[in-house]
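Take a look at the structure below.
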Amino acid sequence: MKIAVIGGGAAGLTAAGSAIGAKPIIFEHTDKIGKKIYITGKGRCNFTNVCDSQTFLQNVVTNAPFLRSALAGFSPDDAVALLNANGCKTKVERGRRAFPQSDKASDVTKALQRYAENNGAEIRLHCDVKNIVPDNGGFTVEFVGGAESFDRVIMCTGGMSYPVTGSDGSAFELMRKLGHAIVAPVPSLVELYTEEDLSAAEGLTLKNVTLRADGVKPIFGDMMITADGISGPIALTLSAYAARREYPYNVFVDLKPAVAVEELDDRLLREFGQAPNKQVKNALDALLPKALVPFVIDKWGVGPSRQVNSVTKKERRALVELLKAMPLTVVGNAGFDRAVVTNGGVDVKQIDPKTMGSRLVRGLYFAGEALDVDALTGGYNFHIALATGHAAGMFAAKE
Ligand SMILES: Cc1cc2nc3c(=O)[nH]c(=O)nc-3n(C[C@H](O)[C@H](O)[C@H](O)COP(=O)(O)OP(=O)(O)OC[C@H]3O[C@@H](n4cnc5c(N)ncnc54)[C@H](O)[C@@H]3O)c2cc1C
């Protein structure tokens, strides 16, 4: 049985290791395997989330039910065990996020490489696969400089995020030629650009705020202000749920989610009463980070030099409403160059969720970010690559 694995990332290496007895060949078009692994988790690689399957699936944004079987076959505990067995000690941090004990993503790559090579896998670098032609129940894999016949092909070519790592989306064309539908890829887990200029507060982290948008459950946590808009955990989460939304769309930031409207109004009244001659631009420091005050006052529209004792009840109520729902207009995102993950990819309706095998072309399998599945941050996306890679490798070798 000859198996070609196209793509030497997390999914490809795991598929190669799981194709027991097949001695697979991994085709990787860059100069090294696992290029993306090195930059995951800020170089530490948050490789899984040690949670139960229900919690895991709740963190999957696109096509969660499709992953049920792959996760049952390869759980977060299995991911930990696989790395441990291949020389990478691991640890679990806050939020059940698992990392290599060394904090070095390269140790994850080494362990996955060992897993693949222990199964006899051969790794071919600088080997760009240009075409896959089904013939006589098998395939001819055409690559730069040659062609070779295989019984099975496993596509592990990733999505389109961080194309410098090799996942440039070029393989989607090969899949289309094989008859597979590709759900148009869009960036996810990505900085959002806003119409409003927040650059004066660039670098500021707003802690424990809530971000709301129509059709998305309010998201609570930290949000970062960037030169062009918003980023940080809750903005990235919103970018995932709203990945396919047309721009522009409105979002609302509750800067004081723990304080009810009346309570906040009382608090403002107190603040203003304590220093009635202060100008409004100097009166909000106790309530807001200093860098954000000019922006909020501008939105409020009363004029920064007004004395607080001249602020009417109606104006104060307007400020309360602003603090509870500061509107921002999202006009775009930072694109694939800076997106953590891709939303879109191979349409999962055409794939058997148990085996990762194509329903259209016998002997063809898919795994990892190339599939139209994506999840929130926390180790889920990497685990999806491992779990689908495991299923694809295992069934390609035995079906
Ligand atoms: C900055 C960043 C940080 C991240 N951090 C985390 C994290 O901490 N935790 C987490 O869970 N997820 C994280 N992710 C997401 C996660 O890394 C990916 O979802 C996962 O690694 C995808 O693995 P993959 O094997 O499917 O794809 P990839 O790693 O993209 O691998 C695909 C491989 O295929 C090769 N290839 C493509 N086309 C061809 C071709 N035609 N011929 C030959 N080779 C080809 C590419 O060069 C590449 O090596 C992060 C992503 C980024 C960008």
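Every number in this text was worked out from the coordinates using simple rules, so none of it is lab data. Just so it is clear, the structure is predicted and the values come from calculations on it, not from any experiment. Cβ atoms come from the backbone with ideal geometry, glycine included; neighbour counts cover every protein chain shown.
Shape verdict for the stretch 91-195, please, from the Cα gyration tensor: rounded (a/c under 1.5), prolate (a/b greater than b/c) or oblate. Taking the square roots of the gyration eigenvalues as a ≥ b ≥ c, the stretch 91-195 is oblate. Compared with the dominant Cα axis of the chain, that is its longest principal axis, helix 105-118 is turned about 20°. Counting only lysines at least 8 places from K256 when in the same chain, those with an alpha carbon closer than 22 Å to its own are K207, K217, K281, K290, K299, K313, K314, K324. Computed from Cα positions, the angle between helix 313-324 and the longest principal axis of the chain comes to roughly 20 degrees. Legend: P(r) of the chain from all alpha carbon pair distances, 20 Å bins from 0, whole percents, reading 27, 46, 21, 6, 0. Quick one: check the C-alpha center-to-center distance for the stretch 1-71 versus the stretch 336-376, whole angstrom. Each part reduced to its Cα centre gives a spacing of 11 Å. Sum up the charges of everything whose Cβ sits under 12 Å from the Cβ of G273, counting Lys and Arg as +1 and Asp and Glu as -1, but leave G273 out. Surrounding charge for G273 is +2.
Quick check on my link table: of K35/K354; K35/K349; K32/K104, which ones sit more than 22 Å apart, alpha carbon to alpha carbon? Don't skip to the answer; put the middle values down first.
On the way: K35/K354 28 Å; K35/K349 29 Å; K32/K104 17 Å.
From K35/K354; K35/K349; K32/K104, over 22 Å: K35/K354; K35/K349.
Our coupling estimate for the stretch 227-243, obtained by passing each phi through the Karplus curve with A = 6.51, B = -1.76, C = 1.60 and θ = phi - 60°, is 5, 10, x, 10, 8, x, x, 6, 5, 5, 4, 4, 4, 6, 5, 9, 4 Hz, Gly and Pro reported as x. Tell me the label-point distance for the pair E271, L288, using the 7 Å Cα-to-Cβ offset, in nm and rounded to one decimal. My value for the distance between the label points is 0.8 nm.
Normalised by the residues of the chain, what does the relative contact order come to in percent, with Cα pairs under 8 Å and at least six apart?
Values: 938 pairs, mean separation 105.5, N = 399.
Worked out over the chain, it gives 26 percent.
Given +1 at the Cβ of Lys and Arg, -1 at the Cβ of Asp and Glu and no other charges, the dipole of the chain around its Cα centre is 680 debye to the nearest 20.
In the chain, taking the dipole from charged Cβ atoms about the Cα centre, the farthest positive-side position among A318, Y249, I25 is held by A318. Shape of the stretch 191-334 from the C-alpha gyration tensor: prolate (a/c of 1.5 or more and a/b above b/c, with a ≥ b ≥ c the square roots of its eigenvalues). Computed from the C-beta positions of E93 and R338 and an R0 of 30 Å, the FRET efficiency is 0.80 to the nearest 0.05.
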